[in-house]
Amino acid sequence: MTTPARALIFDMDGTIVDNMDFHTKAWITFFARRGKVIEPDAFFRDTAGRQGKEILRHYIREDLTDDELATLNHEKEDLYRELYGPHRATLPGFDAFIEAGRARGWKLAVATSASPGSARFILDEMDLRPRFDAVVVGTVDVPRGKPHPDVFLKAADRCETMPAGCIVFEDAPLGVEAARRAGMRAVVLTTTLPAQAFAEFDNVIAVVNDFTQLDVETLLA
């Protein structure tokens, strides 16, 4: 009997790399230039996992054109890359964990709501993309950001894996909710929010600070 395909699906920002604080700082600077004051924790809870265009339309105005969105998002992304560039690194234990997963026959995917430029900034400039079987960049590959399940379902499809055979790795409540709607289990990385921020989710199977705290044998058995 053939073993059903299984996949480990990783959010990128705040999960593969610990960069969400830099994203938030970039947004705070971006909005401060426009006279808007952003409360960091509330902003993260409301926006982490959403696409840039969704954030901009919510916080600036709904009728922004595609050209206006592109210009504004480019400005924010430049701020973020300047802040985070010198600090790029995968989370502790990540590299060993994905190698352990592949050795046990799991497929590997990235499912991110980041822009294509941000995906290149992390996945290509850090030479991570070749290590995955599939990469889904939500801003171009699916119509809706998290908490909609689209990005995770697309990743499962590209891995030729049923949702029930997937484990999602996330750092944000909207992402865990997207995994729940997709019918997938989730592991939470507390890079930005504490464990209690995820207490309501019944699809969470582990909550850890980084990948060194995961029991690989139990999780991937």
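The values are calculated or read from the model by the stated rules, or taken from the named source; none is laboratory data. Note that this is a predicted model, so its numbers are computed, not measured. FYI the Cβ positions are ideal-geometry reconstructions off the backbone, even for glycines, and counts take in every protein chain you see. Side chains included, ligands, DNA and RNA excluded: accessible areas come from the protein's heavy atoms. Shrake-Rupley method; radii C 1.70, N 1.55, O 1.52, S 1.80 Å.
Remarks
- Note on Thr212: accessible area approximately 90 square angstrom, rounded to 10, probe 1.4 Å, nucleic acids and ligands left out.
- Whole-Hz Karplus values for region 164-175 come out as 5, x, 10, 10, 9, 10, 9, 10, 10, x, 5, x Hz, taken residue by residue from phi with 6.51 cos²θ - 1.76 cosθ + 1.60 and θ = phi - 60°; glycine and proline positions read x.
- Note on the chain: GNM, Cα springs under 10 Å; of Val17, Val168, Val151, the largest mean-square fluctuation is that of Val17.
- Estimated distance in nm for a label pair at Ala164 and Met126, the labels positioned 7 Å out from Cα along Cα-to-Cβ: 3.4 nm
- Phi angles of region 206-221 translate, via the Karplus equation with coefficients 6.51, -1.76, 1.60 and θ = phi - 60°, into HN-Hα couplings of 7, 10, 9, 7, 7, 6, 5, 8, 7, 8, 4, 4, 6, 5, 9, 4 Hz per residue; Gly and Pro are given as x.
- Ordering Gly165, His58, Leu72 by the projection of their Cα atoms onto the charge dipole of the chain, which places +1 on the Cβ of Lys and Arg and -1 on the Cβ of Asp and Glu, puts Gly165 at the extreme positive end.
- Between region 156-188 and region 1-62, the Cα center-to-center distance that results, in Å: 17 Å
- Length gained on full extension, Val37 to Lys25: 3.1 nm, using 0.36 nm per residue less the C-alpha separation.
- Of the trypsin sites (Lys or Arg not before Pro) found in region 1-89, the ones in coil according to DSSP and having at most 15 other Cβ atoms within 10 Å of their Cβ are Arg33, Arg34, Lys36, Arg61, Arg88.
- Given the choices (i) -0.87, -0.94, -1.00, -1.29; (ii) -0.67, -0.77, -0.87, -1.30; (iii) -0.60, -0.70, -0.82, -1.37, log10 I(q)/I(0) by the Debye sum over Cα atoms at q = 0.12, 0.13, 0.14, 0.18 Å⁻¹ derived from the coordinates of this structure is entry (iii).
- Theoretical FRET efficiency, 1/(1+(r/R0)^6), r = Cβ-Cβ of Asp46 and Asp215, R0 45 Å, to 0.05: 0.85
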